[in-house]
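A short write-up of the structure that comes next.
The values are calculated or read from the model by the stated rules, or taken from the named source; none is laboratory data. Please read these numbers as outputs of a predicted model, since none were measured by experiment. Reconstructed Cβ throughout: ideal geometry from the backbone, glycine too, with neighbour counts over all protein chains shown. We work out accessible area using only protein heavy atoms, side chains counted, and drop any ligands, DNA or RNA first. Shrake-Rupley method; radii C 1.70, N 1.55, O 1.52, S 1.80 Å.
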Amino acid sequence: MTDTSGLRAGVAGWPVEHSRSPMIHRCWLKELGIKGTYEKFAVRPGEFPAFAARIREGELVGANVTVPHKEAAFSPCDERTPVAEALGAVNTLWSEGGRLMGDNTDVAGFLANMDECASGWATQAKLAVVIGAGGAARAIAYALMSRGFERIAIVNRTQERAETLAGHFGGPTTAMAWADLPKGLAGADLLVNTSSLGMAGQPLLALDLSPLPEHAVVADIVYVPLRTRLIEAASARGLRAVEGLGMLLHQAAPAFARWFGREPSVTPALRALVEADVMAAYEAAR
Ligand code: ATR
């Protein structure tokens, strides 16, 4: 059996205290009997290259990268996966033969969560409406292109950012004005919120979902609270609704497998553990 003691991984962010990645990875380390560790690394903006060097040199087996470093993590990489190249952002680092490698597992995380919670969700893939135009929207637009959506309409408070994102990918990805949302929803097979609207402490995303067709699926990447107003509204209308927490859990799995050499599972026990933490944080913030 491989000796796993001394394998160090972690998450780099600023701030990093709020990260739930340690909870997820430590749960898997314990479940799989791996002696490695998963730590929090508070890395200031500007200090990221020095942190990346620690991975290249093998001090750490790898790291997750969170806000605000996902774009800063792109340039130090010697090699990146095609997904990371397409997004221009890296959320997972590891080293291979002294070369720093970068991946972005947000796309795989989103897709795995959708597949788990709404099987067949991309069978009808004519139009997806995506709210938001940040890094999460970019990953999700790419994910939807990979599943063959004919049109991916990006709607954002700052329309210019929606246009920039649409221009980044081109093809099926287009910008749509807020004012056109009701008309857009009428033809949508999927609605995804990637904005921070609905998150604890942020304004609610109050949308009239009545124009959506009956087969439409609604997804939210916000997971604090676990069930957002959008998810509640979709469920109330009898639509399939996919909560955001699963994306967080599923994006962690490919990174863990790379560093520790074992495929972890998103088990009900893991989900319950993280849900309890999210609920406690939500109550504390109220
Ligand atoms: P991430 O990289 O996590 O996607 P981000 O780049 O900060 O984060 O993007 C947050 C998204 O939420 C953006 O689309 C933002 O809209 P703007 O581009 O107009 O800033 C959206 N958002 C945040 N607060 C919002 C609000 N109060 N109303 C509407 N959209 C909001």
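When only residues in region 157-176 that are in contact with a helix residue (DSSP H, G or I) (Cβ under 8 Å, 6 or more places away or on another chain) and open to solvent by 30 Å² or more (accessible area, probe 1.4 Å) count, which is nearest to the ligand (Cβ to nearest atom)? Within region 157-176, the match that is nearest to the ligand (Cβ to nearest atom) is Arg157. Within region 36-72, the set of residues being in contact (Cβ under 8 Å) with a residue 40 or more places away in the chain and within 18 Å of the chain's Cα centre (by Cα) comprises Ala63, Asn64, Val65, Thr66, Val67, Pro68, His69, Lys70, Glu71. Within region 4-34, being modelled with pLDDT of 95 or more, in a loop (DSSP other than H, G, I, E, B) and either touching a Lys or Arg at 6+ places or on another chain (Cβ under 6 Å) or closer than 20 Å to Thr267 by Cα (or both) holds for Trp14, Val16, Ser19, Arg20, Leu32, Gly33, Ile34. Only one entry of Ala122, Ala128, Ala136, Ala141 meets the criterion of being assigned to a loop (DSSP other than H, G, I, E, B) and closer than 27 Å to Met176 by Cα, and that entry is Ala122.
Summed over region 63-88, residues that are small (Gly, Ala, Ser), more than 10 Å from Ala12 (Cβ to Cβ) and buried (at least 22 other Cβ atoms within 10 Å of the Cβ) total 1.
Within region 65-81, one or more residues are part of a loop (DSSP other than H, G, I, E, B) and aromatic (Phe, Trp, Tyr). Selection of region 128-156 for residues being open to solvent by 20 Å² or more (accessible area, probe 1.4 Å) and away from the ligand (no atom under 14 Å from the Cβ) yields Met145, Ser146, Arg147, Gly148, Glu150, Arg151.
Taken as a whole, the structure leaves Ala281 outside the set of residues that are closer than 27 Å to Ile131 by Cα and surrounded by 23 or more Cβ atoms within 10 Å (Cβ to Cβ).
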